[in-house]
Protein chains: 2
Amino acid sequence: MSTEKIPYKIYLTEDEMPRAWYNVRADMKVKPAPLLNPGTGKPMGFEDLTPVFCDELVRQELDNDTAFFEIPEHIRDFYKMYRPSPLVRAYCLEEKLQTPAKIYYKFEGNNTSGSHKLNSAIAQAYYAKEQGLTGVTTETGAGQWGTALSMACAYLGLDLKVFMVKCSYEQKPFRREVMRTYGASVTPSPSDTTAVGRRILEQFPGTAGSLGCAISEAVEVATSTPGYRYVLGSVLNQVLLHQSVIGLETKAALEKYGVVPDMIIGCAGGGSNLGGLIAPFMGEKLRGERDYQIIAVEPKSCPSFTRGTFAYDFCDTGMVCPLAKMYTLGSSFMPNPDHAGGLRFHGMSSTLSQLYHDGYMEARAVSQTDVFEAAEYFARVEGILPAPESSHAIRVAIDEAIKCKETGEEKTIVFGLTGTGYFDLVAYEKFHNGEMKNYIPSDEEIAASVAKLPKVE
Amino acid sequence: MSTEKIPYKIYLTEDEMPRAWYNVRADMKVKPAPLLNPGTGKPMGFEDLTPVFCDELVRQELDNDTAFFEIPEHIRDFYKMYRPSPLVRAYCLEEKLQTPAKIYYKFEGNNTSGSHKLNSAIAQAYYAKEQGLTGVTTETGAGQWGTALSMACAYLGLDLKVFMVKCSYEQKPFRREVMRTYGASVTPSPSDTTAVGRRILEQFPGTAGSLGCAISEAVEVATSTPGYRYVLGSVLNQVLLHQSVIGLETKAALEKYGVVPDMIIGCAGGGSNLGGLIAPFMGEKLRGERDYQIIAVEPKSCPSFTRGTFAYDFCDTGMVCPLAKMYTLGSSFMPNPDHAGGLRFHGMSSTLSQLYHDGYMEARAVSQTDVFEAAEYFARVEGILPAPESSHAIRVAIDEAIKCKETGEEKTIVFGLTGTGYFDLVAYEKFHNGEMKNYIPSDEEIAASVAKLPKVE
């Protein structure tokens, strides 16, 4: 433990960066339920998954026992281009709030993709390249994941076909251009380049597309093009594994200064950032070594943890993906399009769902305008324009710091600042103009989509 | 000198960050010529300048003798929110180019303004606040400077009125929204809120505005509003002084690993980034302690160094500002609007102009498509999407590294990566679509605007 003053930003040296990812499933007494084949209802094994995903990634997906996976040197070199990411002591925020709490945030936005997504993108692209594949396909909505993957594929010389939800393709031309700069081919979805796309276009002429539809197109191209596989940026166990680099760095940086957090806060859409941030802390908690308060923050407009059901469901609205057991609002649940802050997934990572179900973490839902209020406050005080997604965590961190002011408790709060909001300024503009709405689904709406959950056993 | 492997990114510790700015003028044998009053032709003194600029900034502007100015603690604390910026060893670029050259770049883009502009914005806002002022005014074109200043003013609780060139205001709504997020008032220029704006609107109905016009409006409001002053993001001596933090950090980071550069490359518009980057190296050169090859890179479309005249000229197209002696294309020179890469200023910092005139640095002009080609290449290899301005320096750094490959020389090249291109994707799109043009002014065009230079003695 060092006695020197904690700097504004704690950077690990390159030697101190993690050399292995941590698999939290290894320490879970109750493992996450397996993926099921929607046709047969049977658990999916290696052979069932490798036509879609790279072999090594399927191994990682299915392995509930190995605690550490070595990070290949090539990936560690790539990480060094934008990592270690800083763990920031929010001195300015603490002072502004006049709170006795000590606030830290792990900032993952200092790279061109603007978010933590790059941590898994490079890993998935690497294993595809190692397997001798020529390319990968994926879908993207707002474009963070597509950007991250295009950067990784450019670095490794791998082809990339991105299916981008059509309305985003048209409304976010800048994201599309970043991907093109990195050499990716970007197709608005639904498109006439796939059978499923043509079918959807026939059924719904003029549709603006959806993530579920883009997934279906990407999977079709991956499975029908020799030398291709499909990759996904969240939800899956493998993604959480790669994202554990966030939590491992955070823990190492805190330990350098002898700091032990009381509370860890992260936003949750599919769970990739939250799962990565909390992984090593959750490991200690699971092993009974230390207790932490762990809080998932989700939007009130898409509240899978706080109002969903723990059950098997499709991961995609198109119902082509395997069934996963998770907290879900039902795959037919459509988050209100007014919701600008991402985190719009109807379900949640199986691993995090199991941990939540078993009482190892809690969840809070926050409303959109409260989130943007926190985002703007944070930007002015800490200088970073946060992504709307990340701002869900900021909201709860600020709320908790204010509570500490009231109670006088000197809690140490760590939250994940997953990315920057440079491409989300249309949402900020709505907020500034007072045009932003808060949408909260009714009980009936949620009950209706939950009623459509697939029957398993 | 350390013998350990040089990391991908060299970060100074907060203790190693500069505590004083370095004023290169103190070491110049021939000082930069003074600003002249355009009416009287007489040098402008303290009293002439304080109605427009803050007192302390005028002192810094006029002081050609003091070598070091202590950085106030409050500014150093703000710097710690986004500095030290990394000095990156471009291992991936070196490998891709197969060059024996060792390439480093100082990356100033890891902050929400996306550029180095914040280094001077916080200093100027700080001295305004110290003087008890309530607000400042400025102009902005593309918006980097306006964003930086809005961040600084938000931090210090200072009002800010930004006049944004009308066509940028309309075409770059995202930049405008970032400034609004930080609480700035942003007015499209020309506007009907100033006398000069109304006059221009009457003369040129429907005009898209210009930087010169926005300056005139900002100065009018600053000088006519009690408790206000005007601030400027480049060209001035004071700005180069603040930006010396870039060069001081770069030099300290290199010295940590015993590295001495052969060549230092920076892009040059008004000169703020280049002047800051080279300052301490130029100081050694001026004192005869060490020699460096120093290269300014400018666009062929606006070639003040390489094709301009060293003479007194107006700093603004509106001819309301003082006269400065500099390399200039004439204040009536209009850079082609097709040029997307910034660096569109007709003149150049007086300090850099004098140094260039006296043979202490050289200059190269590069064409726009060559710049974007380098930008895209760099993005794919080093992972950072560079600003078009910064990419001028990348172009020459790559050219020099390729020369080293041919000659086998192991030169150490340092260049300034001033910022990110997240808000420049319209230009990238033009490049991808093959719609980008290279504009090179004719000799007649330059001669015509140089012929209109003001007569001084």
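Placing +1 at every Lys and Arg Cβ and -1 at every Asp and Glu Cβ, with all other atoms neutral, what dipole size does the stretch A:12-86 have around its Cα centre, in debye to the nearest 20? Show your work: numbers first, answer last.
Values: 9 positive and 14 negative charges, 70 e Å.
That gives a dipole near 340 debye.
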With a bin width of 5 angstrom, please list the P(r) values of the stretch B:351-457 as percents of all Cα-Cα pairs, from the 0 bin to the one holding the largest distance.
2, 10, 15, 17, 18, 15, 12, 7, 3, 1, 0
B:His74-A:Gln171 FRET efficiency (beta carbon distance; Förster radius 45 Å; 0.05 resolution)
0.65
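Would you tell me the mean number of C-beta atoms belonging to other protein chains that fall within 10 Å of each C-beta in A:176-185, as a whole number?
Average per residue, whole number: 5.
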Express the C-alpha Rg of the stretch A:101-207 as a ratio against the empirical globular expectation 2.2 N^0.38 Å, rounded to two decimals.
1.21
Using only the alpha-carbon atoms, how far is helix A:272-286 inclined from the longest principal axis of chain A? Give it as 0 to 90 degrees, nearest 10.
60
The stretch B:1-132, Cα convex hull volume normalised per residue, Å³:
192
What gaps in nm, shortest first, separate A:Asp399 from its twins in the other copies when you place the label 7 Å past Cα toward the beta carbon?
5.7
Per-copy distances of the B:Glu410 label point, shortest first, in nm (7 angstrom along Cα→Cβ):
5.2
Using all Cα-Cα distances in chain A, what percent lands in each 10 angstrom bin from 0 up to the longest?
4, 22, 34, 28, 10, 2, 0
Mind checking the dipole of the stretch A:220-331: about its Cα centre, +1 per Lys or Arg Cβ, -1 per Asp or Glu Cβ, Debye to the nearest 20?
60
Taking the Cα atoms of the stretch A:246-373, what is the range of coordinates along each of the three principal axes, in descending order and whole Å?
47, 35, 21
How far apart are the A:Arg199 label points across copies, placing each 7 Å from Cα toward Cβ, in nm, shortest first?
7.0
Rounded, prolate or oblate, given the Cα gyration tensor of the protein assembly as shown, with a/c below 1.5 counting as rounded?
prolate
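For chain A, what is the mean residue ellipticity at 222 nm derived from helices alone (per DSSP H run of n ≥ 4: -39500 (n - 2.57); sum divided by total residues; nearest 500 deg cm²/dmol)?
Values: 18 runs with 191 residues, N = 457.
Mean residue ellipticity at 222 nm (helix-derived): -12500 deg cm²/dmol.
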For the pair A and B, how large is the buried accessible area, both sides, in square angstrom to the nearest 100, if the probe is 1.4 Å?
4000
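Beta carbons within 10 angstrom, averaged per residue: use that to sort the peptides A:203-212, A:436-445, highest first.
Values: A:203-212: 15.9, A:436-445: 13.7.
Ranking the peptides A:203-212, A:436-445 by packing returns A:203-212, A:436-445.
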Just counting partner chain Cβ atoms within 10 Å, what average do the residues of peptide A:56-68 show around their Cβ?
0
Might you report the magnitude of the Cβ-based charge dipole of the stretch B:300-457 about its Cα centre, with Lys and Arg at +1 and Asp and Glu at -1, to the nearest 20 debye?
240
Classify the stretch B:151-212: rounded, prolate or oblate, from the alpha-carbon gyration tensor (a ≥ b ≥ c, eigenvalue square roots; a/c under 1.5 rounded; otherwise prolate if a/b is larger than b/c)?
oblate
Stokes-Einstein diffusion coefficient for the stretch B:212-262 at 10 °C in a medium of 1.306 mPa s, Rh from the Kirkwood formula over Cα pairs: what value in µm²/s?
114
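For B:428-438, what's the mean count of beta carbons from other chains sitting within 10 Å of each residue's beta carbon? Can you show the working numbers first?
Details: counts 5, 6, 1, 3, 4, 2, 0, 0, 0, 0, 0.
Mean inter-chain Cβ contacts per residue within 10 Å come to 2.
Taking the stretch A:295-324, which chymotrypsin sites (Phe, Trp or Tyr not before Pro) meet the DSSP loop condition and have no more than 15 other C-beta atoms within 10 Å?
Numbers: sites: A:Phe305, A:Phe310, A:Tyr312, A:Phe314; in loops: none.
Here no chymotrypsin sites (Phe, Trp or Tyr not before Pro) fit, given the DSSP loop and packing criteria.
Compute the signed sum of charges (Lys and Arg +1, Asp and Glu -1) over the other residues within less than 9 Å, Cβ to Cβ, of A:Asn273.
Numbers: positive: A:Lys117; negative: A:Glu108, A:Glu389.
With Lys, Arg at +1 and Asp, Glu at -1, the neighbours total -1.
For the stretch B:13-55, what does the alpha-carbon gyration tensor say about shape, rounded, prolate or oblate, given a ≥ b ≥ c as the root eigenvalues, a/c under 1.5 as rounded, and a/b over b/c as prolate?
Working: a/c = 5.18, a/b = 1.87, b/c = 2.77.
Taking the square roots of the gyration eigenvalues as a ≥ b ≥ c, the stretch B:13-55 is oblate.
The values are calculated or read from the model by the stated rules, or taken from the named source; none is laboratory data. Every value quoted in this text rests on a predicted model; they were computed, and no experiment measured them. Cβ coordinates were reconstructed from backbone atoms using ideal geometry, including for glycine residues, and neighbour counts include every protein chain displayed. Areas reflect the complete protein model, heavy atoms only, side chains present, ligands, DNA and RNA absent. Shrake-Rupley method; radii C 1.70, N 1.55, O 1.52, S 1.80 Å.
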